[in-house]
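Working notes, structure below.
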Amino acid sequence: MGARLRLLRALCMCSALAIALPARPPSVTIGALFTFDSVIGSSAATAIRLAVDDINRDATLLRGTNLSVLMQDTKCSGFVGTIQALELMEKQVVAVVGPQSSGIAHVVSHVVSQLRVPLVSFAATDPALASAQYPFFVRAAHDDAFQMAAVADVVAHFGWREVTAVYVDTDYGRGGVDALGDALEAAARARITCKAAFPPGADSAALVDLLVRASMMESRVFVVHAAPDSGLDIFAAAHKLGMMDSGYVWIATEWLAAAIDSSSAAASWRTTAMSRIQGVLTLRQYTPDSDAKRSLEARFAAAANRQNATAEAAGSMMNAYGLFAYDAVWMAARAIDQFLGDGGNISFSADPSIRDANGSALRLSSLRVFDQGEQLLRKVMLANFTGVTGQVRFSGRSLVNPAYEVLNVGGTGVRRVGYWSNGTRLSVAAPSWADGGAAPPSNGTQQQQKLYSVIWPGDTTAPPRGWVFPNNGRPLRIGVPYRTTYRQFVSKDPRAPDGVSGYCIDVFKAAVALLPYPVPVSFIPFGDGVKNPSYGELVQRVAGGSFDAAVGDVSIVTNRTRVVDFTQPYVESGLVIVSPVKATGSNEWAFLKPFTPGMWAVTGAFFLFVGAVVWILEHRFNPDFRGPPRKQMVTIFWFSFSTMFFAHRENTVSTLGRFVLIIWLFVVLIINSSYTASLTSILTVQQLSTGIQGLDSLLSSSDPIGYQVGSFARSYMMEELGVPASRLRELAIDQYADSLQRGPANGGVAAIVDELPYVELFLSTNCQFRTVGQEFTKSGWGFVSVPA
């Protein structure tokens, strides 16, 4: 009896539960929006059909509810796409897979937001679609912000600083290029120097004209962001213009990989299209290998072969967009299954704000709002499963684990040269994510190597420099000082091919010759040819943009570096002081000049005194100091003066005598050394005719000081050394000798302050002058350029 009661109670509970939960609908319809006759659409169509078949065969999913899909062709048109989206909404679909176009997605997103139908796109990659303005837009692929970060890392890896962006002028193209600009600035401190946009459907003549204008710019790194159906026309135009040769870099976004993957294996296509894209780098969204992926690709190939009647079209493969379209359908199906499993009921209602105007035939009033659309959207965003593209899960509004393959086109296919992921960036190791979505580090060898070698256009493995001097650029305007003195440094020279000549010009030309590209320049003399120009004014002309650079004997000084940039110094220079000297004549009595008469007398007295002391200490014991008085007097004199040359023959035997002799010989050594040094100086060294012996004596005097016309020495002495302007005299170099010889008393100068190279050249022909003291500035000559 008790067992019957328990069974009856269980049956009642099951009946109550069945009454509480609504019955699942027999069928659910989703929509699909894409362009049927396109590279992406043809792959997505087959993938969506296969996904629906697999879902309906899976007994654990939807459990009794059949999933059907209604496909609408957008024909690559925003207007047609909007009309097709409205037709889908009339048929009360609960979700829409697609569209493939970012431009159409922008428009359709407003429609689905009003009608509360989740829009799950597998190919609309414009980063702007992640805005909160489109709450019902769900991206089932990675947006272009990640792809452009990968492109920027490739640019940074090869050290390129300037990029030309060639892109289709649509929401998709503009959004991708904006993301590329941000990524380049962040990753490589590079920039887009030229944006070459072309309209959708541009013909070959328009593309040729676009590339001709782009080729006139400096950059040789081209990033192509286009649609798979029209992007190959860009490379056809580039091949026609000879822009696929060595020296060029072409990076295509993932559209090119999709076009190559979707192409047939027919020889005619390979020999035409592939021959035009040799050496191109492209990206492909990375999807890890799995049994499910291999099975889907095999079934896709079989289905494509059945649909294609000719052998010419057979052999197509599924591209990455097809894989993401397959997972997008599964994402929608899982969300619907969870929604129904939670007791969700699918219902539609009219929206009072949507009605037809009088006489309108658009039938807008037939559109219905999906009442449970927000609930289904939340289920979609909670997706967490492993699909053919890998882990399908959202972080915010983006899929986790964005990753790309870096491919190099060569021969009749592509070769993988590396990977990019947001965890490891560029690497030769395939991404593998641990729990939580973080990419673990690879081993040491793989961390060090970011990419395998790349074969560039022109069949070269050496990375191109990435830029040349622009063909449409004007020559650099180089200001050259028009010197009137010491023209061997730099000056105007009508006989020279460039109109200027000199040592500085030779150095500049030698440096330019080391560059692997031509640099056209135009030398412009600066000055009136009457006197040397002002170098400070020349620097200001460069800073003001009158000249692009200045080449000459321009000193690198602090106040100039504040307004212009200098190269590394190619000549050492600094300020020195030049003063006149007078030669001291020598005669037969010159040997007496080292000592004064008093010094001679004292020295002679000491010689006699030491001789007498040694005689007193030695004559009692030493026979050399004995004998008649006359002999002893001669011995004293001989011994005393012979010690000057260490030639004494008498031996000392007493202890005190030896002690005195040792001390005296040391004194004699000092006297000899001093005498020799003084006599050498008197006979060889010239004497200054003024009292200036260095910078300190120059500053302490009140005598006039000369400086070269146009030199920075005037401002330096006034501002740094505090020399009053009344003491300074501006002189041409050919006036130096006369001014120094006349001296301050006769209207000349006491000294001249000038740079070392000029002074050395001046002294080479004027031996009556010399430098005094040390160099009191340390700078150099450099070439001047406009600040970067």
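Which residue, of V163, V168, V221, V177, is among the hydrophobic types (A, V, I, L, M, F, W, C), more than 17 Å from S246 (Cα to Cα), open to solvent by less than 20 Å² (accessible area, probe 1.4 Å) and in contact with a Ser or Thr (Cβ under 9 Å, 6 or more places away or on another chain)?
Values: V163 fails: more than 17 Å from S246 (Cα to Cα); V221 fails: more than 17 Å from S246 (Cα to Cα); V177 fails: in contact with a Ser or Thr (Cβ under 9 Å, 6 or more places away or on another chain).
On inspection, the qualifying residue turns out to be V168.
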Handout entry: Search result, residues across the range 717-753 that are out of contact with any helix residue (DSSP H, G or I) (no Cβ under 9 Å at 6 or more places or on another chain) and either under 19 Å from I692 (Cα atoms) or free of Cβ contacts under 8 Å to residues at least 40 places away in the same chain (or both)
Key = E720, S726, Q735, D738, S739, L740, Q741, R742, G743, P744, A745, N746
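Among the residues that make up the range 337-349, is at least one of them part of a helix (DSSP H, G or I), buried (at least 23 other Cβ atoms within 10 Å of the Cβ), of a type in the set (A, V, I, L, M) and at pLDDT below 95? Write out each step before concluding.
Filtering the range 337-349 down to residues part of a helix (DSSP H, G or I) leaves 337-341.
Within this subset, residues satisfying the condition of being buried (at least 23 other Cβ atoms within 10 Å of the Cβ) are 340.
Filter once more, keeping what is of a type in the set (A, V, I, L, M): 340.
The next check asks that each one be at pLDDT below 95; those that pass are 340.
Yes; the residues of the range 337-349 include at least one that is part of a helix (DSSP H, G or I), buried (at least 23 other Cβ atoms within 10 Å of the Cβ), of a type in the set (A, V, I, L, M) and at pLDDT below 95.
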Fill in the blank from the handout: The number of residues in the range 475-495 that are open to solvent by 10 Å² or more (accessible area, probe 1.4 Å) and either modelled with pLDDT of 90 or more or assigned to a loop (DSSP other than H, G, I, E, B) (or both) is 13
Practice task
Please state which one of R213, R189 is of a type in the set (K, R), in a helix (DSSP H, G or I) and open to solvent by 40 Å² or more (accessible area, probe 1.4 Å).
Solution key: R213
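Which of the residues that make up the range 97-113 are open to solvent by less than 10 Å² (accessible area, probe 1.4 Å) and either on the phi < 0 side of the Ramachandran plot or among the polar types (S, T, N, Q) (or both)? Show your work before the answer.
Initially, the range 97-113 is screened for residues open to solvent by less than 10 Å² (accessible area, probe 1.4 Å), giving 97-99, 102, 104-105, 108-109, 112.
Once the filter is applied, which keeps residues that are open to solvent by less than 10 Å² (accessible area, probe 1.4 Å) and either on the phi < 0 side of the Ramachandran plot or among the polar types (S, T, N, Q) (or both), the range 97-113 yields V97, P99, S102, I104, A105, V108, S109, V112.
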Exercise for the section: Name the residue, out of T676, T765, that is more than 12 Å from S579 (Cα to Cα), assigned to a helix (DSSP H, G or I) and either out of contact with any strand residue (DSSP E or B) (no Cβ under 8 Å at 6 or more places or on another chain) or open to solvent by 50 Å² or more (accessible area, probe 1.4 Å) (or both). Expected result: T676
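Restricting attention to the range 508-560, and to residues there that are assigned to a helix (DSSP H, G or I) and of a type in the set (D, E, K, R), which single residue is nearest to V786 (Cα to Cα)?
Going through the range 508-560, the residues assigned to a helix (DSSP H, G or I) turn out to be 508-513, 535-544, 558-560.
After this cut, where a residue has to be of a type in the set (D, E, K, R) as well, the list is 509, 537, 541, 560.
Details: K509: 19, E537: 14, R541: 10, R560: 11 Å.
The residue in question is R541.
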Fill in the blank from the handout: Of the listed residues (E755, E775), the one being open to solvent by 40 Å² or more (accessible area, probe 1.4 Å) and within 20 Å of P569 (Cβ to Cβ) is E775
Completion exercise
Checked pairs for the range 138-149, first touching a residue at least 40 places away in the same chain (Cβ under 8 Å), second in a loop (DSSP other than H, G, I, E, B) and open to solvent by 10 Å² or more (accessible area, probe 1.4 Å), C-beta under 8 Å and 6 or more apart or across chains, list as V138/R397; R139/R397; F146/N422; A149/N422
Completion exercise
Residue set V208, V221, V212; condition of a type in the set (V, I, T) and under 28 Å from D143 (Cβ atoms); output residue V221
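Every residue, every condition in (1) over 20 Å from T35 (Cα atoms); (2) assigned to a loop (DSSP other than H, G, I, E, B); (3) touching a helix residue (DSSP H, G or I) at 6+ places or on another chain (Cβ under 7 Å), yes or no:
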position	(1), (2), (3)
V111	no, no, yes
F146	yes, no, no
G159	yes, yes, no
V166	yes, no, yes
A179	yes, no, yes
D182	yes, no, no
E185	yes, no, no
A205	yes, no, no
Completion exercise
Those residues of the range 9-46 which are surrounded by 21 or more Cβ atoms within 10 Å (Cβ to Cβ) and either modelled with pLDDT of 95 or more or in contact with a strand residue (DSSP E or B) (Cβ under 9 Å, 6 or more places away or on another chain) (or both) amount to V28, I30, G31, A32, L33, F34, T35, I40, G41, A44, A45
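The values are calculated or read from the model by the stated rules, or taken from the named source; none is laboratory data. Since this is a predicted model, take the numbers as computed values, not measurements. So basically every Cβ, Gly included, is an ideal-geometry build from the backbone, and we count neighbours across all protein chains shown. These area figures cover heavy atoms from the full protein model, side chains too; ligands, DNA and RNA do not enter into them. Shrake-Rupley method; radii C 1.70, N 1.55, O 1.52, S 1.80 Å.
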